[in-house]
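So the structure is just underneath, and the comments pick up after that.
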Amino acid sequence: MSLNSKIPPGPLAQKWSRHKSDLIKLVNPANKRKFDILVVGSGLAGASAAATLAELGYKVKCFCFQDSSRRAHSIAAQGGINAAKNYRNDGDSVTRLFNDTIKGGDFRAREANVHRLAEVSVNIIDQCVAQGVPFAREYGGLLDNRSFGGAQVSRTFYARGQTGQQLLIGAYQALSRQIGLGNVKMFPRTEMLDVVVLNGHAKGIVTRDLVSGKIESHAGDAVILATGGYGNVYNLSTYARGSNATATWRAHRKGAYFANPCYTQIHPTCIPVSGEYQSKLTLMSESLRNDGRVWVPKKKEDCGKDPRSIAEEDRDYYLERKYPSYGNLAPRDISSRAAKQVCDEGRGVGETGLGVYLDFSDAINRLGQKVVAQRYGNLFDMYHEITHENAYDIPMRIYPAIHYTMGGLWVDYNLMSNLPGLFVLGEANFSDHGANRLGASALMQGLADGYFVIPYTIGDYLATTKEGKPKTDNSEFKKAETDVADGIKRLLNTNGKRTVADFHKQLGKIMWDYAGMARTKEGLQKALQEIPALHEEFKKDLKLTGGNEEINQSLENAGRVDDFFELGQLLCLDALVREESCGGHFRSEYQTEDGEALRNDEQFAYAAAWQYNSGKTPELHKEAIVYEETKMATRSYK
Amino acid sequence: MNVKLKVWRQKNTQAPGEFKEYEAKDVNPNMSFLEMMDVVNNEITVKGEEPVAFDHDCREGICGMCSCVINGEPHGPEYKVATCQTYMRSFQDGETITVEPFRAKPFPVLRDLVVDRGAFDRIIQAGGFVSVSTGGAPDANALPVSKQKSDLAFDAAACIGCGACVAACKNGSAMLFVSAKVSHLALLPQGQPERYRRVKAMVDQMDKEGFGSCTNTYACEAACPKAISASNIARMNRDYAVALLLNDDMPETSGE
C-alpha cells in the first residue's frame, strides 16, 4: 500500500484554510445523525472529539478503561498549553510557533500539520476560556503567560501547575453535556481489544467490560482512536499505571501502520527513582526551569555533600554553561542527555548517583519565597510528599524519565490511518511533534485534533465512502469476538509461576537499558534478542489468578504487557534502522564532537511507517518528510 | 518496617464482604502505600490467590481514581493527600492498617476496594458545564476576569472528583463535590447565563442519586485531598435558594 499523506497543495499558510473550505466534502446536517462514530479514549483528544462531533449531530459512543472519562492521563499535564496569541507583545506569531515546533521536533515533523497546529492554537484558548477553564490571570483581568523550553517568547497559558487537569475538566464537561443530552453514550470501565475491518475499512471495535468481563461488538461508520502513547513499554514512566498501547497495537495488527516508534521523549525534570519497588515516576513540571537553576558539583568528591555547603565556584551550572542563550530552558531531549552525561561522569547526586540539582535559591532571593510559592506551590508540595524534603530550603533532585511518545499510528493530513475509517488523534498518532516534542505542545495537539481538525476531516470520509452501515452480527465481528475471547483464555490458562508485574518490570529494564536516552547498534541488537525470549517465557510462565467474568486487574495488565512485548521490539527495530540521531532518538554512533545529535537528512528525512507482518519482520514504508517552505538546519540552542 | 493489613475483600456487589489479614514485610518507608499494596498483591498472586482489587491510575494525586479508606480515614492519615500519594513513612512499624473501600449507598462496591462513582458523572451531566459548543468563542482576552474571582474559581475547580467527601460524611452527602463545581462556574462570568438553572439541575440529580444532606460537620473538607473549602457549600445553598425562587426562565446575572 502506498502512503498518501494527502497534504493539500498551495502555500503553507493557506493549506488548512483552503483544505477545509474548498477541498474536503461536508456531511449535510440532517445526515449527520445517521452516522455512528466510535471514539476510544476520553482524554483531551478523545473527549474534545466526542463532544464536538456530538454537537455537530453525529451519534457518538465513547469508551474509556477508567471509571470515569475525567480520569484520563491528560489530567496530569502540569505546565501549560502553547498558543500564538502574542498577548505579551513579545513578537510571537503563528509563523514563530510553527518554526519553534518544527525546530523543536528536529526537522522530522510534517510541515503542513505543524502549521495547522500553530494556526488553530489560538482558537483552543478562546474555546477553553469560554468553557470556564480558570487560566492564570493578571490583576487587570487578562490572561497570564509564561515561557517554556525551546521558545524565546512567553506563549504558554497555564492554570497553576494543573493545566492539564483544568483543560481536561473543560473537555469532560463538554462531553458530559452531550452525554446528558443523549448525543453521546459513554462506556466507562470498558477496554477496546480489537478493531473490526470490513472490506479494508475500519467499521467497529470489540470491547471487554472490565466489571463483568463481557465481550461485546460495536459497529460504527468510523472509529477514532485517542488512546494516548506507549511510554509504559518502559514500565517506569510518568504515565498513569493504566496507560497502555493495546488499542493502537491491536489496530496495528489489523493493518494500521505504526510510525516512528523510536521517537520517545525523556523528560528532564522528574523525581529520581528511589528503589526496586517503584511503580511510577513523577514529573516536576518543566515550568520549574523558568526559575530553577540546574547544576551538579564540579568535583566528584562533593557529590555526597549537603548541596547548600558547596561553594558557588564549585558548582557546574552545566545547561547555562553549554547553552548560554537558552540556558535552563533548553529543549527536553537536550537537557535530558546533558543530565545523563554529567551523571555518567560520576557527578550525579543523591543516593543512586542518578540525579542533578534544580535549585531555587536564586529565585527565592530575587522574588521572595511567597512569589515562588504562588508560581509553583503545588509542585513543591508534591515534591515534599514524595521525597520528604523541603525544596524551598534544599535544592530539588531531578532525573530524566520517559514522559511522552512522539511516534504512533501513521495518519494522513485528515488524521486518518492507512485503514480507511480509522482515525487517530492526540498522542496516539505520530504526526505533529517529529522527533521531539516541545513543552506545552501536547495539550495543544490533543485539543487541536479533537476540537478543530477531526470535526472537519471526518466529514470528508463519511461523505465519500460507500461502505454503508455494518451490523455486529456480521461474521467478521463474530470472528473478532472469538479471537479476543481466545486470547483471554490463553492468558488465564498459562499456569506459570511469574506475575505480570514481574514481567513488565523486566521488559522495562531491557527497554531503558538499550532503548533509553542513548542507543547503540549493539545494545538494540541485544534488546531484539532479549525481548522475544522474554515474551516466549511470558507465554509459558505467566501466572494469573481469578477469571474473566469479574474485575480482574491482573488479566487487564497481562493483555497490555503482552502487546508491549511486540511494541518494544518494533521500537528497537525502528531505532536500529534509523542510523542517525534526531530529537529524542539518540544513537551514540551519530553525534557531533561536542556530543550533540547528528542528523542525516539525506538518508533519513522520512517517517518510518511499519506494517505488521504476523510475527515476521515488519515491512517498512517510508513517507518522505518534504519541507516546501522551511529550511532544514542543525538545531542550535547555544 | 513490617506492617499487618486488614483488607476488605468482596467478590462483587452482591456478595457479602469480609476483612482478611495480610502481612507486608521489609517495607521501605519511602514506598508509597499503593506500592506496598503492589508488593503484597504480587505475593498473594504467587501463592495462587486473587490479588486485592483497588482503583488507581495516575499515582500522582490528580486523576482522582484511587479511593481507599485507610485506618478509618478516606485517603489515609495525611492532610491534603490522596491514597496514591500516601507514603509508608506515615505509619508505624508493627502497626495494623485497616483498608476499606469508600463506603456510601450511592457508591456500590464492585469488588474489594473498587466502588462505582458513576453518580458523580451523572451529576455533572445534569448541569455541571457551560453550554458553549466548539467554535465561535470570542477572543480569550475579550472578557476580563478579576484575578481574585479567577483564583477562587480555580480553588473550587481543583476538585478531583474522588468521592472522599462522601466517604467521610456520616450522611453520605455529596455537597462538597457538587458545590465545588457549582462554585467554579458561578464565580466566573462565563458561568452566569446558566447559573441558577445549573445549580437546580445538579442538586436535583444529587438527590436522585441518593446522597444524604449536609449537617455542617465539615468532615468532607478535612478529608478532601485538594482542601476544597466547605464555604462552597454555603455558596451553593444561596444559589439554590435563589433558583427555587425563580422560574425556569432564569435571568442573567452579573456575578456575585
Placing +1 on each Lys and Arg Cβ and -1 on each Asp and Glu Cβ in the stretch A:76-229, then taking the dipole about the Cα centre, the residue among A:104, A:173, A:84 whose Cα reaches farthest towards the positive end is A:173
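If you take every residue apart from residue A:572 with its C-beta less than 13 Å away from the C-beta of residue A:572, what net charge results, scoring Lys and Arg +1 and Asp and Glu -1?
0
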Mean separation of Cα contacts under 8 Å (at least 6 apart) over the residue count of chain A, i.e. the relative contact order in percent, is 21
Once amide H atoms are built 1.01 Å from N in the peptide plane, which residues 5 or more positions from residue B:96, or in another chain, come under 5 Å H to H?
-> B:4
Under the Karplus curve 6.51 cos²θ - 1.76 cosθ + 1.60, θ = phi - 60°, whole-Hz ³J(HN,Hα) for the stretch B:21-31, x wherever Gly or Pro sits | 9, 9, 10, 10, 9, 6, 7, 7, x, 8, 6
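Could you give the dipole magnitude of chain B about its Cα centre, charging the beta-carbon of Lys and Arg +1 and that of Asp and Glu -1, in debye to the nearest 20?
The dipole magnitude comes to about 460 debye.
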Roughly what % of Cα-Cα distances in the stretch A:329-400 sit above 15 Å, to the whole percent?
-> 59
Just which residues of the stretch A:105-141 lose 30 Å² or more accessible area with every protein chain there, against their chain alone, with the probe set to 1.4 Å?
-> A:126, A:127, A:129, A:130, A:131, A:132, A:134, A:137, A:139, A:141
Simple spin-label estimate for residue A:23/residue A:592, 7 Å along Cα→Cβ, in nm, reads 3.5
Solvent-accessible area per residue, Å², over the stretch A:475-602 with all protein chains present [probe radius 1.4 Å] = 42
Solvent-accessible area, 1.4 Å probe, carbon plus sulfur percent, for the protein assembly as shown | 48
How far is the Cα center of the stretch A:474-519 from the Cα center of the stretch B:148-199, in Å?
-> 41
What is the log10 of I(q)/I(0) for the stretch B:117-245, computed with the Debye formula using one identical point scatterer on each Cα and no solvent, at q = 0.15 Å⁻¹?
-> -0.67
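Could you give the Stokes-Einstein D for the stretch A:267-402 in µm² per second, using the C-alpha Kirkwood radius, 37 °C, 0.692 mPa s? Please report the intermediate quantities before stating the final value.
Values: Rh = 14.9 Å.
The diffusion coefficient I find is 220 µm²/s.
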Return the long-range amide H neighbours of residue A:144 (sequence gap of 5 or more, or a different chain), with a cut-off of under 5 Å between placed amide H atoms.
-> A:136, A:137, A:138
Rounded to the nearest 500, what is chain A's calculated 222 nm mean residue ellipticity when only DSSP H runs of at least 4 contribute -39500 (n - 2.57) each, over all residues?
-> -11000 deg cm²/dmol
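Can you work out the accessible area per residue across the stretch A:207-329, with the rest of the protein chains kept in place, probe 1.4 Å, in square angstrom? Present the calculation step by step, with values, prior to reporting the outcome.
Numbers: 3440 Å² over 123 residues.
Accessible surface, normalised per residue, equals 28 Å².
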Using a Gaussian network for chain B with springs between C-alpha atoms less than 10 Å apart, which of these wobbles most: B:136, B:76, B:191?
-> B:136
Given charges of +1 on the Cβ of Lys and Arg and -1 on the Cβ of Asp and Glu, with all other atoms neutral, how large is the dipole of the protein assembly as shown about its Cα centre, in debye to the nearest 20?
-> 1420
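Looking only at the protein assembly as shown, where both bridge partners belong to it, what percent of the DSSP beta bridges are antiparallel (to the nearest 5)?
On the way: 59 of 83 bridges.
Close to 70 percent.
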Here the tail fraction of P(r) beyond 27 Å, over all Cα-Cα pairs of chain B, rounds in percent to 43
Residue-ordered couplings for the stretch A:150-160, obtained by feeding phi - 60° into the Karplus form 6.51 cos²θ - 1.76 cosθ + 1.60 and rounding to whole Hz (Gly and Pro as x), are x, 9, 10, 10, 9, 10, 9, 8, 8, 10, 6
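Ordering B:56, A:621, A:384 from largest to smallest accessible area (1.4 angstrom probe), what's the sequence? Please list the in-between numbers first.
Working: B:56 45, A:621 25, A:384 80 Å².
Highest to lowest solvent-accessible surface, that is A:384, B:56, A:621.
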Identify, among A:258, A:346, A:464, the residue whose Cα sits farthest towards the positive end of the charge dipole of the protein assembly as shown, taking +1 on the Cβ of Lys and Arg and -1 on the Cβ of Asp and Glu, with the dipole about the Cα centre.
-> A:464
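Please give me the summed charge of the neighbours of residue A:512: other residues whose Cβ is under 12 Å from its Cβ, Lys and Arg +1, Asp and Glu -1. Each step should come with its number before you reach the end.
Numbers: positive: A:340, A:505, A:509, A:519; negative: A:513.
Taking every other residue near residue A:512 into account, the sum is +3.
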Mind checking the angle between helix B:33-46 and chain B's longest principal axis? C-alpha axes, 0 to 90 degrees, to the nearest 10.
-> 50
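Rounded to the nearest 100 Å², what's the accessible area chains A and B bury against each other, both chains counted, probe 1.4 Å? Could you put the intermediate results ahead of the total?
Details: alone 24400 and 13220 Å², together 31440 Å².
Looking at A and B, the buried total is near 6200 Å².
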Charge dipole (the stretch B:3-111, unit charges on Cβ, about Cα centre) - positive-most of B:106, B:31, B:94 = B:106
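Find the relative contact order for the stretch A:475-602 and round it to a whole percent, using C-alpha pairs within less than 8 Å whose residues are 6+ positions apart. Don't skip to the end; give the middle numbers.
Values: 142 pairs, mean separation 37.4, N = 128.
That works out to 29 percent.
Tell me the Kirkwood radius of chain A: reciprocal of the mean inverse pair distance over distinct alpha-carbon atoms, in Å.
Details: mean 1/r = 0.0403 Å⁻¹.
Computed over chain A, the radius equals 24.8 Å.
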With a ≥ b ≥ c taken as the square roots of the eigenvalues of the C-alpha gyration tensor of the stretch A:475-602, please select rounded if a/c is under 1.5 and otherwise prolate if a/b is larger than b/c or oblate if it is not?
-> prolate
Dipole of the stretch A:227-310, Cα-centred, from +1 at each Lys and Arg C-beta and -1 at each Asp and Glu C-beta, to the nearest 20 debye?
-> 200
Other-chain or far-sequence residues with amide H under 5 Å of residue A:265's (modelled H) = A:403, A:404, A:405, A:406
Tell me, what ³J(HN,Hα) does each residue in the stretch A:580-593 have, in order and in whole Hz, if you take phi through Karplus 6.51 cos²θ - 1.76 cosθ + 1.60 with θ = phi - 60° and put x for Gly and Pro?
-> 7, 10, 7, x, x, 9, 10, 9, 4, 5, 10, 8, 7, 4
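The values are calculated or read from the model by the stated rules, or taken from the named source; none is laboratory data. Only a predicted model underlies this, so the values are computations on that prediction, with no experimental measurement involved. Methodologically, a virtual Cβ is constructed for each residue, glycine included, from the backbone with ideal geometry; neighbour enumeration extends over all protein chains shown. The area values use the complete protein model at the heavy-atom level, side chains included, leaving out ligands, DNA and RNA. Shrake-Rupley method; radii C 1.70, N 1.55, O 1.52, S 1.80 Å.
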